[in-house]
Structure formats: C-alpha cells, structure tokens
C-alpha cells in the first residue's frame, strides 16, 4: 500500500516541479570582499549540499624544503586540478598535506596560481573564500553570464529521479537501502543526481548495523516546489495518481 501511495505521489511532485521550471538557474558569480563576510554569516547551510573536505590539522605536515622548478610546476598543476574539482573552498592545509609540501610553500604556490589567473584576465579567478581557496567566475563577465543563462532552461529530472525524490520527501529521514526497498530497484544514481541538484542532503546516520547515511530534503527543495515546509506536501491518502504522459 505504501509503495502504491508513494508512486502516485510522483505525479503531484512532478506538477509542483513543472510550476517552478520558469525560474532561472543559479549562476555562480564572484563574491565581492564585502559580500564574502555577509554570505558566511547569513547563508543557511541547509540550502546547500556539498561533498565535505576534511580539514587537516597542522600537525604532521612535511618540513619546509627547497623544491626544484619541475616539482614546483607539477605541484601547481596538481593544486589547480584539486581546486577545479572541489565544489567547496579548499583549505590551505589540505593543499599542503596532499601536495607533500609545508604550509608556507603551499601559500606561496597558491598565491602564484592566483596571480597567474589575475594576469591572464580570463573568465576564471582564484579567490580565498570562507577559510579556503576556490575557483570562481570573473566579475567582468557577470552581466554576460546572466544573459546567457537566462536563456538556458533548467534541465528536467528524469521520472526515476523524481520517484526517488518523492520517496525521500515523504519518508525522510530515510536511508538508501530503505529507498531501494520501496522502489524495488537501485537508487544510488538517482541519489547522486538529487545531491548535485541540491534537492537533498545527508543528515547523519541511522544507528543500525553499517550505520547507513540518512537523506532529507533541503530548503532548496522547498524553494523549487514553492512549499513553506514539507508539512505542505499533500497527505499520501489524498494524492491521486497522475499519469506522466498527461503532464505538458
């Protein structure tokens, strides 16, 4: 009975999702110095989903040493790759530890990398934000990016992803095995897509063998579907099945 009700809830969530499809996608634009402090104090962490980078302690870092030009270029490239792949600001200590250098040398190299981006005057800048370093878009292209992305519609989520979202919305906090059991299929890929779209986030672990991760919806989910809270979701007993081919 529960599976039937959850499956029928997909249609209602699809309808809510389509209502907000006219909204423009968020563009990652530069953070000005005066905005940086404001953002760090006013942003609600539940609005965002991120892959955390453990902040390493200073203890255990390599001793300061001389590095040759070839090694320096290699480390600069490695730093750039780490910064490019990370969705969050990367702490200096993290860069130092994983590049095998001391903190002083790491700061010198990351500053050089930032200077290289600044001198090139391209579309990317390296900025120190929220206790770490992050690649962001250059402010000189801010208006152009807004115009470009205003013309780009948000990509739709697949029925399988929406079904997974429906399960989480109605059963949160819920684990991946529990979602798989309700859907009778693997949901790992769908979970990844929802995390990337910042519609769900992790919230601790269930105190059972294996300590599976718990998933809940985010404030971004409420914003997308024009809900004040999840209490505004229609009761499962009142949700009528809506065929997906009826949605225009």
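Throughout, read-outs are computed from the coordinates displayed, never taken from laboratory work. It should be emphasised that the depicted structure is a prediction, and the values quoted were computed from it without experimental measurement. Note that we place each Cβ from the backbone using ideal geometry, even for glycine, and neighbour counts take in every protein chain shown.
Most tightly packed first, judged by the mean number of other beta-carbon atoms within 10 Å of their residues, the peptides 67-76, 171-180 read 171-180, 67-76. Taken along the Cα-to-beta-carbon direction at a fixed 7 Å, the label points for residue 184 and residue 80 span 5.2 nm. Extension gain for residue 136-residue 208 works out to 21.9 nm (0.36 nm per residue, less the C-alpha to C-alpha distance). With a ≥ b ≥ c the root eigenvalues of the C-alpha gyration tensor of segment 130-194, is it rounded (a/c under 1.5), prolate (a/b larger than b/c) or oblate? Prolate is the answer for segment 130-194, as a/c is 1.5 or above and a/b outweighs b/c.
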